[in-house]
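The values are calculated or read from the model by the stated rules, or taken from the named source; none is laboratory data. Quick caveat: nothing in here was measured; it's all calculated off a predicted structure. Positions of Cβ are backbone-derived with ideal geometry, glycine not excepted, and every protein chain shown enters the neighbour counts. Side chains are part of the model used for accessible areas, which takes the heavy atoms of the whole protein and leaves out ligands, DNA and RNA. Shrake-Rupley method; radii C 1.70, N 1.55, O 1.52, S 1.80 Å.
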Amino acid sequence: KNEVEQSPQNLTAQEGEFITINCSYSVGISALHWLQQHPGGGIVSLFMLSSGKKKHGRLIATINIQEKHSSLHITASHPRDSAVYICAVRRETSGSRLTFGEGTQLTVNP
Amino acid sequence: EADIYQTPRYLVIGTGKKITLECSQTMGHDKMYWYQQDPGMELHLIHYSYGVNSTEKGDLSSESTVSRIRTEHFPLTLESARPSHTSQYLCARGGQGRNTEAFFGQGTRLTVV
């Protein structure tokens, strides 16, 4: 079992829909990252969380440390949001190294 | 600004060739990382460095080697490329402090034929 599990693996939505991607982890962490990877392969860091909730534009990320769970929400989704969204955790015992989930492939249709 | 740069973006090379993937950053940060990502799969850490002359192997065994002679550069070398090395290689840097953002380069997509 992976230390970081994401669901769903694939998600197709219509433009304008509210989207939720979930991430569960099984280890103690010091921080959790949400990353976005476009088809060209480059990765952009969206959020880093250690508690609570963060918002940036149409993106919202929440984390519940006790339940070892995080969610990434996209409001009013748009085709340009189509990408792979990756959850990664910084384990308490591994310094600043990241452990990654398998990613969620999001496709938003017009 | 991510300020981390990788070259080349794409590389197609024959079996047995020696290759070096370049990664550089301009902000003088100590922590740098190399990740390998097969298509549709998660990223795996293959090497990391916490400063000059400090390199460690990551979670995934790799035949590649790295060096960190200067803070700005963290090149990855394959002495003899094989088709099994075909993958995407992503370089990243950390910031100052333990809990900081991760900044990634654009990646190098390597194909060994």
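Can you pull out every residue in the stretch B:43-76 that is outside any loop (DSSP other than H, G, I, E, B), charged (D, E, K, R) and away from every other protein chain (no Cβ under 11 Å)?
B:K57
Within the bounds of the stretch A:17-31, is there any residue that is under 26 Å from B:D3 (Cα atoms) and crowded, with 16+ Cβ neighbours inside 10 Å?
Yes; the residues of the stretch A:17-31 include at least one that is under 26 Å from B:D3 (Cα atoms) and crowded, with 16+ Cβ neighbours inside 10 Å.
If I filter the stretch A:72-84 for residues that are at negative phi, assigned to a strand (DSSP E or B) and basic (K, R), do I get at least one hit?
No, the stretch A:72-84 contains no residue that is at negative phi, assigned to a strand (DSSP E or B) and basic (K, R).
In the stretch B:1-19, what residues are in a strand (DSSP E or B) and within 11 Å of chain A (Cβ to nearest Cβ)?
B:I4, B:Q6, B:Y10
Kindly check whether there is at least one residue in the stretch A:88-106 that is among the polar types (S, T, N, Q), under 19 Å from A:H38 (Cβ atoms) and away from chain B (no Cβ under 14 Å).
no
Here are some residues: A:K68, A:K53. Which one is more than 19 Å from A:G101 (Cβ to Cβ) and free of Cβ contacts under 8 Å to residues at least 60 places away in the same chain?
A:K53
Which members of the stretch B:21-32 meet the condition of being open to solvent by 10 Å² or more (accessible area, probe 1.4 Å) and under 16 Å from B:G58 (Cα atoms)?
If the condition is that a residue be open to solvent by 10 Å² or more (accessible area, probe 1.4 Å) and under 16 Å from B:G58 (Cα atoms), then B:K31 is the only one that fits.
Counting only residues that are on the phi < 0 side of the Ramachandran plot and in a loop (DSSP other than H, G, I, E, B), which one in the stretch A:52-71 is most open to solvent (accessible area, probe 1.4 Å)?
The selected residue is A:Q66.
Restricting the first residue to the stretch B:51-71 and requiring it to be under 16 Å from B:S87 (Cα atoms), which pairs with a second residue that is open to solvent by 30 Å² or more (accessible area, probe 1.4 Å) and not in a loop (DSSP other than H, G, I, E, B) meet a Cβ separation below 7 Å and a spacing of at least six or different chains?
B:L60/B:H44
Can you find, within the stretch B:43-64, the residue that is modelled with the lowest pLDDT among those that are open to solvent by 70 Å² or more (accessible area, probe 1.4 Å) and polar (S, T, N, Q)?
Of everything passing the filter in the stretch B:43-64, B:S61 is modelled with the lowest pLDDT.
What is the residue count in the stretch B:33-42 for residues that are open to solvent by less than 50 Å² (accessible area, probe 1.4 Å) and either out of contact with any His (no Cβ under 6 Å at 6 or more places or on another chain) or not in a strand (DSSP E or B) (or both)?
4
Taking the stretch B:76-87, which residues are crowded, with 19+ Cβ neighbours inside 10 Å and touching a residue at least 40 places away in the same chain (Cβ under 8 Å)?
B:L76, B:L78, B:A81, B:S87
Could you list all residues from the stretch B:20-36 that are touching a Ser or Thr at 6+ places or on another chain (Cβ under 7 Å), at pLDDT 90 or above and either more than 12 Å from B:C91 (Cβ to Cβ) or within 14 Å of another protein chain (Cβ to nearest Cβ) (or both)?
Selection gives B:T20, B:L21, B:M32, B:Q36.
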